[in-house]
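Peer 1: I'd like to ask some things about the structure below.
What follows draws every value from the coordinates through simple rules; no lab data is involved. The shown structure was predicted, so the numbers you read here are calculated from the model rather than taken from an experiment. A quick note on method: Cβ atoms are made from the backbone with ideal geometry, for glycine too, and the neighbour counts reach across all protein chains shown.
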Amino acid sequence: MSQQRSSWKSNMGFLLAAIGSAIGLGNIWRFSYMAHQHGGGAFLVPYLVALIVAGAPIMIIEYGLGHREKGSSPLSFVRINRKFECLGWWMPVVAMFGIMLYYSVIIGWCINYFFYSFNLSWGTDTQGFFFNQFLQLSDSAAELGGIRISIGAATLFVWVLCWLICYRDIRHGIEKASVIFMPILFLLTIILVLWSISLEGASDAIFNHYLHADWSKINLFAADPVVRSEAGKVWAAAFGQIFFTLSLGFGIMITYASYLPRKTDIGKNAFITCLVNCFYSFLAGFAVFGIVGFMAHSQGVPFEDAIKGGPQLAFVVYPQAISLLPGMNVLFGVLFFLMLIIAGLTSGISLVEAFACAITDKFDWPRGKVVTAVCVAGFCGSLVFTTRAGLYLLDIADHFITNYGLVAGGLLECIIIGWILKASVLRKHVSRLGTVIPPLWDVLVKFITPAVLIYLLYLSLVADLAENYSGYPTDQLILFGVGWLLVCFVLALALTFVPWKPEKLQRRHQPEEDDLLV
Ligand code: PHE
């Protein structure tokens, strides 16, 4: 029995869900640290170029494809050509098993810290608290050393929430959750930004470290070859960040767009998603720099010594700064960790949806049962990241998945859409629906974006071959990084070989019918 495909109740609901997927932990802790490392305000230039050259064009691909083919990513690709189904599976498999398994654990950490905020349990040595007391980090990635019960329990809670939200169809589940969560997220962010910038020492950090531009860091034409190669890495980092932050290359946006009604302005939706997401990152940067500046100021240390990247920013630097606040420390802590939990959760549900929708499309099993099975399997898989070696494992998995898995997915996507389906076919489909996409888009999708992505893969490969990532031993990198990617690939391949029901491969609408809609 083929089930009727659900649809969004409103375009606003769709936009909030898509923006919810895009805005995640990466916007808060990844973007600002990157900006700091890569030339402050000058980083905005490669970031915006990456948004125009890769982010927006691929967003249009994903929205356009999902809308045209009305299917999850494997169904959309198989409808273009049977040969490319494997890519259609690769993306949601990587989303689910490559990212969501550890992303859920990080949201679990945030839940723990949310409760710690009530009595500032992290004390004065927040670094020691995070690594030794909270994570009880083992000595190496190979030493798993048992599950941390508090982290495991919070991770279970995250999966239960995802299950509750995704269980029902899109308009009663994800759309409803996004309509409730996203305004709360925006409100929390605005409160925290205003609060942070009003602290003593904040404006110094914002003007001298965040917005201050060091142009030499992005100068690809510098005379000195070392400066040039460093600038190349900055540009590559900007492209990587754009991909990650817009949740591209996971099949998520394809899936979300497949629930859109026929008459929808795809181009406009793509631009709004990109702009709101990137503006959010820029705004969140003020909160991060404000509070770190305040901390540096009150401890009398240079800003450079106070700021840290990645998880340490949220779980070491922020707790320290929160404890130092002159008043209402508990309130700040509670709001900050609540903001992280909501940002993470609205991204997490999109990762589960991309995979669950792909399975329902192929097997025609009832959605509720699929979501239940996916969440149970997901929770069991996450347990490996709740062990005492969890931080190492997620660091390695994240490095390989984002630098290779994601970029490779996006690259193949551009090639298939640009050359096999033909870029102009998708562009005309999107343009007929409202916002007209200029023919320059074809050039970007066929030549420029793939070239940049190949360069990105090359840079990552050269860096990884020259030196082991973060100094991990080679066998661990191969086992947990390359091995992880291989497992995803084998799973994607296995799912590809399951035969489709023939009626699934027929489109409900012929795309040409769209002509009649305008
Ligand atoms: N875009 C999210 C962020 O910036 C991360 C994410 C990636 C979420 C992929 C879902 C899918 O944190």
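Peer 1: What range in the chain is the longest one free of GluC sites (Glu not before Pro) that are in a loop by DSSP and have at most 16 other Cβ atoms within 10 angstrom? Can you show the working numbers first?
Peer 2: Numbers: sites that count: Glu143, Glu200, Glu467.
Counting at most 16 other Cβ atoms within 10 Å as exposed, the longest clean stretch of the chain is 201-466.
Peer 1: What distance in nm lies between label points placed 7 Å from Cα along the C-beta direction at Ser323 and Phe447?
Peer 2: For the pair Ser323/Phe447, the computed spacing is 5.7 nm.
Peer 1: Which of Lys9/Lys428; Lys233/Lys446; Lys176/Lys362 have a Cα-Cα distance over 32 Å?
Peer 2: Working: Lys9/Lys428 26 Å; Lys233/Lys446 23 Å; Lys176/Lys362 26 Å.
From Lys9/Lys428; Lys233/Lys446; Lys176/Lys362, over 32 Å: none.
Peer 1: Between rounded, prolate and oblate, where does the stretch 304-363 land on the alpha carbon gyration tensor, with a ≥ b ≥ c its root eigenvalues, rounded for a/c under 1.5, else prolate if a/b exceeds b/c?
Peer 2: In terms of gyration-tensor shape, oblate.
Peer 1: Turning to a different aspect of this structure: What number results when the radius of gyration of the stretch 167-318, computed over Cα atoms, is divided by 2.2 N^0.38 Å?
Peer 2: Numbers: Rg = 19.5 Å, N = 152, 2.2 N^0.38 = 14.8 Å.
Relative to the rule-of-thumb radius for its length, the stretch 167-318 sits at 1.32.
Peer 1: In debye to the nearest 20, how big a dipole does the stretch 32-130 give about its Cα centre with +1 on each Lys and Arg Cβ and -1 on each Asp and Glu Cβ?
Peer 2: Working: 5 positive and 4 negative charges, 97 e Å.
It works out to roughly 460 debye.
Peer 1: Now for a separate question. Can you compute the modelled spin-label distance between Ser424 and Val160, with each label point 7 Å from Cα toward Cβ, in nm?
Peer 2: About 5.7 nm separates the two model spin labels.
Peer 1: Also, quick follow-up: Give me the extension gain from Asp224 to Arg262: residue separation times 0.36 nm, minus the current Cα-Cα distance, reported in nm with one decimal. The partial results should precede the final answer.
Peer 2: Values: separation 38, 0.36 × 38 = 13.68 nm, distance 5.33 nm.
Gain in length upon complete extension: 8.3 nm.
Peer 1: To continue, here is another question. If r is the Cβ-Cβ distance from Thr474 to Phe131 and R0 is 22 Å, what FRET efficiency results, to the nearest 0.05? Kindly include the intermediate steps, with their values, before the conclusion.
Peer 2: Values: r = 24 Å, r/R0 = 1.10.
Once rounded, the FRET efficiency stands at 0.35.
Peer 1: For labels at Ser216 and Thr124 in the simple 7 Å Cα→Cβ model, what's the distance in nm?
Peer 2: Distance between label points: 3.9 nm.
Peer 1: HN-Hα J couplings of the stretch 225-234 from phi, Karplus 6.51/-1.76/1.60, θ = phi - 60°, integer Hz, Gly and Pro as x?
Peer 2: My calculation for the stretch 225-234 gives x, 5, 4, 4, 6, 5, 5, x, 5, 5 Hz in order.
Peer 1: Also, quick follow-up: What is the helix-to-structure angle for 56-69, meaning the angle in degrees between its Cα long axis and the longest Cα principal axis of the chain, kept from 0 to 90 and rounded to the nearest 10?
Peer 2: 40
Peer 1: Could you check how many percent of all C-alpha pairs in the chain are farther apart than 46 Å?
Peer 2: On the way: 11261 of 133903 pairs.
The proportion of pairs with Cα distances above 46 Å equals 8 percent.
Peer 1: Between Leu493 and Ile184, take the C-beta separation as r, use R0 = 41 Å, and let me know the FRET efficiency to the nearest 0.05.
Peer 2: Numbers: r = 41 Å, r/R0 = 0.99.
The pair Leu493/Ile184 has a calculated efficiency of 0.50.
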